[in-house]
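Take a look at the structure set out below.
The values are calculated or read from the model by the stated rules, or taken from the named source; none is laboratory data. Computed from a predicted structure; not experimentally measured. We place every Cβ from the backbone using ideal geometry, glycine too, and count neighbours over all the protein chains shown. Just the protein is used for accessible areas: all its heavy atoms, side chains included, with ligands, DNA and RNA removed. Shrake-Rupley method; radii C 1.70, N 1.55, O 1.52, S 1.80 Å.
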Amino acid sequence: MPIDATLPYDDGNIFARILRGEIPSKTVYEDEHALAFHDINPQAPTHILVIPKGAYVSWDDFSARAADAEIAGFVRAVGHVARAAGLVAPGYRLLANTGGDAHQEVPHLHVHIFAGRRLGPMLTAA
Ligand code: 5GP
């Protein structure tokens with residue numbers, strides 16, 4: 001079910017639980033500001049999720065409230081993960097679903113990194 005991105009942060013969401021170590025994940029990278037792990041239901045040969053460590057519902061919430069250091073740290077972590085995975089030369093796609101029309105399902109900001117095949121047009125028909 002898509003979430004309402006205007007709701008307050010829910011500390012029980014699945015990515016908050018991964019951050020607290022209550023649920024396992026296949027970690028790709030971790031630093032002060034970000035955690036990256038493999039998506040449980042990959043939509044491409046490489047499908048990594050990068051999340052900020054702070055409690056932010058969505059891209060909207062993060063861009064409005066996060067400190068500059070958190071934003072810089074998170075953006076650099078996304079770039080680092082893609083670079084370290086060797087994705088720059090072949091190419092990769094970033095996606096951050098925000099709210100209902102975008103079909104955001106987990107109410108903790110996450111950037112998807114897709115790669116490993118020709119990804120085709122930007123959007124498919126609804
Ligand atoms: P959204 O639709 O919110 O942009 O994407 C949520 C993503 O989280 C989906 O691609 C889904 O497969 C992934 N996901 C949901 N639950 C889990 C989980 O428990 N572990 C991992 N690694 N990924 C998850």
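Residue count for the stretch 8-58 under the criterion of being in a loop (DSSP other than H, G, I, E, B) and of a type in the set (Ser, Thr, Tyr): the result is 4. Taking the stretch 27-79 as the range and being β-branched (Val, Ile, Thr), touching a residue at least 40 places away in the same chain (Cβ under 8 Å) and over 14 Å from VAL106 (Cβ atoms) as the test, the residues that pass are VAL28, THR46, ILE48, VAL78.
Going by what's in this entry, would ILE18 be described as surrounded by 19 or more Cβ atoms within 10 Å (Cβ to Cβ) and either near the ligand (Cβ under 8 Å from one of its atoms) or more than 13 Å from the chain's Cα centre (by Cα) (or both)? The answer is yes for ILE18.
A single entry from LEU35, LEU87 fulfils the requirement of being closer than 26 Å to LEU119 by Cα, within 13 Å of the ligand (Cβ to nearest atom) and open to solvent by less than 40 Å² (accessible area, probe 1.4 Å): LEU35. Residues of the stretch 1-15 that are within 16 Å of ASP61 (Cα to Cα), modelled with pLDDT of 95 or more and within 14 Å of the ligand (Cβ to nearest atom): ASP10, ASN13, PHE15. The set of residues in the stretch 21-32 that are open to solvent by less than 60 Å² (accessible area, probe 1.4 Å) and within 10 Å of the ligand (Cβ to nearest atom) comprises ILE23, SER25.
Apart from one condition, VAL106 fits all of (1) over 19 Å from GLU30 (Cα atoms); (2) among the aliphatic types (A, V, I, L, M); (3) away from the ligand (no atom under 14 Å from the Cβ); the exception is (3).
Residues in the stretch 42-54 that are crowded, with 19+ Cβ neighbours inside 10 Å and away from the ligand (no atom under 14 Å from the Cβ) were compared, and the one that is nearest to ALA102 (Cα to Cα) is PRO52. Scoring ARG117 on the criteria (1) surrounded by 12 or more Cβ atoms within 10 Å (Cβ to Cβ); (2) touching a residue at least 12 places away in the same chain (Cβ under 8 Å); (3) of a type outside the set (Asp, Glu) leaves a single failure, condition (1).
Within the stretch 95-109, being open to solvent by 10 Å² or more (accessible area, probe 1.4 Å) and in contact with a helix residue (DSSP H, G or I) (Cβ under 7 Å, 6 or more places away or on another chain) holds for ALA96, THR98, VAL106.
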